[in-house]
Amino acid sequence: MSEVTAQRLADLFVAIAQTMEREKERLCELDGVIGDADHGIAMELGCSAAARAVEQPDIASSDPTTVFNTAAKSFLNAVGASSGPLYATAFMRAGAAVKGKTVLSDGDMADAFAAMAKGIQDRGKAEPGEKTMVDAWAPAAKAWAQEHAAGAPLAVCLSAATEAARAGAESTKAMVASKGRSARLGDRSLGHIDPGAASAVCIIETMAKVLGNGG
Ligand code: ADP
Ligand code: MG
C-alpha cells in the first residue's frame with residue numbers, strides 16, 4: 001500500500017502545473033472552436049498559482065487537507081473563467097474527504113478522488129452527457145472506485161481512471177453541449193472535444209504518472 005504525504009501531494013500539484021504549461025496552447029485551441037479560447041490560459045494560471053502556493057515549505061510539510069485547501073484558494077483567486085470555481089470546489093472537497101489524516105492510504109486517495117468528481121458535479125450541476133469536464137471526471141471516478149472495491153492498488157486505480165477519462169473526453173465529440181459557454185452553439189458543438197474534458201485528462205494522467213509509480 002502506498003502512502004501519499006502532504007509533500008507528495010504538493011509535488012503532484014507542481015507536476016500538474018508543468019503539464020498545463022505544455023498543454024496550454026492545445027487547450028486554448030480546443031476552447032477556440034466551441035468556447036472563448038481561454039481554457040488553456042485559465043488552467044495554466046490556476047494550476048501554477050496552486051503549485052506555487054503548496055510548494056511553500058510550511059504548506060508542503062503540513063497535512064494533505066491543508067495542501068488541498070491552499071490549492072483550492074489559489075486556483076480560485078487566479079482564475080476568472082468557469083473552471084475556477086469548479087476546480088476550487090473539487091480541491092476543497094478532496095481536502096474535506098481526508099480531514100485529520102497525516103498520510104493518505106489507497107482508500108483515502110479513492111475517497112479524495114471521488115470527492116473531487118462529485119464536487120465538480122455539485123458545483124456545475126452538469127450531468128454526464130452534457131459535454132463538460134464531468135464527462136471525463138465521472139467515468140474516471142467510477143473506474144477508480146470499481147478497481148478500489150475489487151482490491152486493486154493505487155497504481156491500477158490510477159491507470160483505470162486515466163483510461164476512463166480518455167474515453168470519456170473522446171466521447172464528448174459526439175455530444176451536443178447543454179452546459180457552459182458552448183451550450184450556445186447547440187448542434188454546432190458536435191464533432192469537437194470539450195476542452196474541460198481534455199484538461200481533466202491532463203490532470204488525471206499526471207496523477208497516474210506521479211502517484212502511480214508505486215512510491
Ligand atoms: P469559460 O467557459 O468561462 O471560458 P473555461 O474556458 O475555463 O471557462 O472552461 C470551459 C470548460 O468548463 C468547458 O469545456 C467545460 O468542460 C467546463 N464547464 C463549463 N460549465 C460547466 C458546468 N456547469 N459543469 C461542469 N463543467 C463545466
Ligand atoms: Mg473558455
Quantify, in whole percent, the carbon and sulfur part of the accessible surface of the chain (1.4 Å probe; protein heavy atoms only).
53 percent
Could you tally the net charge around LEU154, taking each other residue with its Cβ under 11 Å from the Cβ of LEU154, Lys/Arg +1 and Asp/Glu -1?
-4
Pop out the ³J(HN,Hα) list for the range 75-80 in order, Karplus 6.51 cos²θ - 1.76 cosθ + 1.60 with θ = phi - 60°, rounded to Hz; leave Gly and Pro as x.
4, 4, 5, 8, 10, x
The equivalent-ellipsoid semi-axes of the chain, taken as the square roots of five times the Cα gyration tensor eigenvalues and listed largest first in whole Å, are 27, 19, 14
For the range 192-203, 3J(HN,Hα) per residue [Karplus equation, 6.51 cos²θ - 1.76 cosθ + 1.60, θ = phi - 60°, Hz, x = Gly/Pro]
10, 6, 6, x, x, 5, 5, 6, 4, 4, 4, 5
Karplus-derived 3J(HN,Hα) from phi for the range 88-96 (6.51 cos²θ - 1.76 cosθ + 1.60, θ = phi - 60°), whole Hz, x at Gly and Pro, runs 4, 5, 4, 5, 4, 5, 4, x, 5
Starting with the highest mean, order 95-101, 155-161 by the number of other Cβ atoms within 10 Å, averaged over the residues of each peptide.
155-161, 95-101
Computed label-point distance, nm, for sites LYS173 and ARG26 using a 7 Å Cα→Cβ extension:
1.4 nm
Under 18 Å from LYS99, Cα to Cα: lysines that are on another chain or at least 8 residues apart
LYS73, LYS118
Go through GLU170, GLU25, GLU130 and list them by solvent-accessible area, largest first, probe radius 1.4 Å.
GLU25, GLU170, GLU130
Where nothing but the Cβ of Lys and Arg (+1) and of Asp and Glu (-1) is charged, how large is the charge dipole of the chain around its Cα centre, in debye to the nearest 20?
400 debye
If we sort 181-193, 37-49 on the protection proxy, mean other Cβ atoms within 10 Å, highest first, what's the order?
37-49, 181-193
Please compute the contact order of the chain in relative form: average sequence separation of alpha-carbon pairs under 8 Å and at least six residues apart, divided by the residue count, as a percent.
22 percent
Could you list which residues have their amide H under 5 Å from that of LEU104, counting only those 5 or more apart in sequence or on another chain, with H placed in the peptide plane?
VAL4, THR5
FRET efficiency for ARG184 and GLU127, using Cβ-Cβ distance with R0 set to 22 Å, rounded to 0.05
0.75
With the other protein chains left in place, how much accessible area per residue, in square angstrom, belongs to the chain at a 1.4 angstrom probe?
43 Å²
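The values are calculated or read from the model by the stated rules, or taken from the named source; none is laboratory data. This structure is a prediction, so every number in the text was calculated from the model and none was measured. Every residue, glycine as well, gets a Cβ built from its backbone with ideal geometry; the counts of neighbours run over all protein chains shown. Just the protein is used for accessible areas: all its heavy atoms, side chains included, with ligands, DNA and RNA removed. Shrake-Rupley method; radii C 1.70, N 1.55, O 1.52, S 1.80 Å.
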